[in-house]
Structure formats: C-alpha cells, structure tokens
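What follows is calculated from the coordinates using simple rules that are stated; it is not laboratory data. The structure presented is a predicted model; accordingly, all values stated were derived computationally and were not measured. Quick reminder, even Gly has a Cβ in these numbers, built from the backbone with ideal geometry, and neighbours come from all protein chains shown.
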Amino acid sequence: IFDIDGDAKLSREEFTFCWNNWIKVIVRPVSAFLIIDVQNDFISGSLSISQCSAQQNGHEVIEPINHLLDTVNFDAIFYSLDWHPSDHVSFIDNLSNRTLHDSTSVSSEEAQTYDTVIFEGPNGQPMKQRLWPRHCVQDSWGAELHKDLKVVENSIKIFKGTNPDVDSYSVFWDNKKLTQTTLVSQLEQKNATDIYVCGLAYDVCVGATAVDALSIGYRTILIDDCCRGVDLADIEKTRNTVIKNHGVIINSNQVKAMV
Ligand code: VGL
Ligand code: ZN
C-alpha cells in the first residue's frame, strides 16, 4: 500500500501523514472493536474448542486481543457473551424435552453432539439447530469472560442467546432474525463506521457476526490471528464468505495503522 504505482512511492512516514491528515479527515472512520465470546466454556469448559475437530486452543486469542486493547485507540469496545438459560434449545441434554420437526433425519435418541437437527421454530417454521454440549449458562463460571482477558473501562457488554427457543450466533440478531441485541443501537449512538471483529468461535459466532455487520453496511475487518474455531474447513469457508461480501481480513499487527 505504500506504492502508488511503478515510480511514485510514499515512505511509511509520508503515508501515515496522508492517512492521518487527509484520508481520515475526509473519511472520518469511527472504529468499534468487537470481542466475541472469550468465555471459559469455549476455552477450557464444556464446549472447549480444543476438543472440536480443528483442535485449536481458544486461550491463544487472549494475548493478541489484550495487546490491541493496550495499543490501539478504538472509539468503542464491545464484549459479547453467549448467555443461555438452562432450558436452551442448543443443549443436547434438553433434546428429550423438545419436539423434532418431522423432516429431521435422526430421532431424539440417536442425535449426537454437533449434529444438526430440525425443531418446530417459534414461528411454526422448521428451524435448523446444531446441538452443542450445555455451555455458557447464565451466571455460571463457564459463561464468565476468561480471567486473563483484559476488560477495559467504558466498554459495553452484549448478551446473546437469552431466548430459550432460538439460538444466536451473530451478536446482531438471533439465528431466526426475530430479535436484535442492543448492539445496533449502541453502534449508532457512537456513529461507528468500521467494525473490527475477533474472538471465538471463528466459524460460528465470529463468522455470523462479521456477515451481519457487512449486511448492515459497516466496513468490517476480521482480525484473523485473534480468532480460533471449531472446524478447519468451516473456518476457511468463513474467510471466503467475508471476502466475498467485501470484508477485509488482516492480522492484529496491521490494526494500529488502520484505526
Ligand atoms: C458459539 C457454539 C454455540 C460461539 C456459541 O460463541 O461461537 N458456538 N454457541
Ligand atoms: Zn451457545
């Protein structure tokens, strides 16, 4: 990016000057940093992503995220928390209390963790749902943000997945788009234009959130090395979807120069 074309080149210092004194003044980016679900259950608890097929270590996102919090001057900082009631539809141990839609290929007895089944949705429509171990139950240890994650002053927490009958991967909407979290109104209040997204799990909640941010029209930047996920093929699909929808994928060492 420091080369304009073959011969005209800007030094890093000249580019930084242009960025800060011309481009930013015209474009007026307002940045929001969205740290998704860095909670005990996904790192070492019941839904530890290290036990999923990609076998990634969720704890590894904490150090680079803390470093960004220490070094980058974001205009707003959000932490999301997966925050389920005990009877949540995504918990495999609640399956016996619920009715599967006729089109589901497995029976309640056969269904395994990580399988996808079809429930009768709240609006009477069939509702696809992946089954997870019980996780992030409201007010439990597993639902707490990991103790090593820095929580900065004046940041905002967003709770999702609170409706027992609908799951919520995106921090914007539940999976059926029935209800919004408070994120949109909070972003509007701050006049945010650019959303920096990272956290757990890359191919579940981080991906769904990035896609929704793009669909609303935010410039969306996914910070690759601050994410860990469940399934390698799905992580790659997430990257491709974000790029196809005009999002940007960078590493954390590139963030400071953009904000
Ligand atoms: C998540 C599975 C189930 C996530 C939440 O935060 O990515 N994954 N619930
Ligand atoms: Zn969940």
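For the set Lys150/Lys237; Lys176/Lys237; Lys150/Lys177, the pairs lying more than 28 angstrom apart at their alpha carbons are Lys150/Lys237; Lys150/Lys177. Note on the stretch 1-160: Rg/Rh from Cα positions, Kirkwood definition for Rh, rounded to two decimals, is 1.15. Quick check: the angle from helix 232-244's long axis to the longest principal axis of the chain, C-alpha only, nearest 10 degrees? Here the helix axis deviates by roughly 50 degrees. The alpha carbons of the stretch 213-259 occupy a box of 30, 25, 12 Å along the principal axes, longest dimension given first. If R0 is 22 Å, the Cβ-Cβ spacing of Asp75 and Ile250 corresponds to a FRET efficiency of close to 0.75. With the simple model of a label 7 Å out from the Cα in the direction of the Cβ, Glu188 to Glu236 spans 4.0 nm. Where the centre of each part is set by its Cα atoms, how far does the stretch 151-212 sit from the stretch 59-115, in angstrom? Comparing the Cα centres of the stretch 151-212 and the stretch 59-115, I get a distance of 12 Å. Count Lys and Arg as plus one, Asp and Glu as minus one, and take only other residues whose Cβ is under 11 Å from that of Val27; the net charge is then +2. Shown in residue order for the stretch 213-228 are the 3J(HN,Hα) couplings computed by the Karplus curve 6.51 cos²θ - 1.76 cosθ + 1.60 at θ = phi - 60°: 4, 5, 5, 6, x, 6, 5, 10, 10, 9, 9, 4, 6, 9, 10, 9 Hz (x for Gly and Pro).
Scan the stretch 156-259 for trypsin sites (Lys or Arg not before Pro) in coil per DSSP, keeping those whose Cβ has at most 13 other Cβ atoms within 10 Å, and list them by number.
Details: sites: Lys157, Lys160, Lys176, Lys177, Lys190, Arg219, Arg228, Lys237, Arg239, Lys244, Lys256; in loops: Lys176, Lys177, Lys256.
Taking the stretch 156-259 and a limit of 13 other Cβ atoms within 10 Å, the loop trypsin sites (Lys or Arg not before Pro) found are Lys177, Lys256.
Springs between Cα atoms under 10 Å define the GNM used for the chain, and in it the highest mean-square fluctuation of Ile23, Ile158, Ile49 occurs at Ile23.
So which GluC sites (Glu not before Pro) in the stretch 47-114 end up in coil per DSSP with only 14 or fewer other C-beta atoms within 10 Å?
Glu109, Glu110
Can you give the local net charge around Ser86? Use residues other than it whose beta-carbon is closer than 11 angstrom to its beta-carbon, Lys and Arg +1, Asp and Glu -1. Could the numbers behind the result be given before it?
Working: positive: Arg134; negative: Asp87, Asp93, Asp139.
Every neighbour counted, the sum reads -2.
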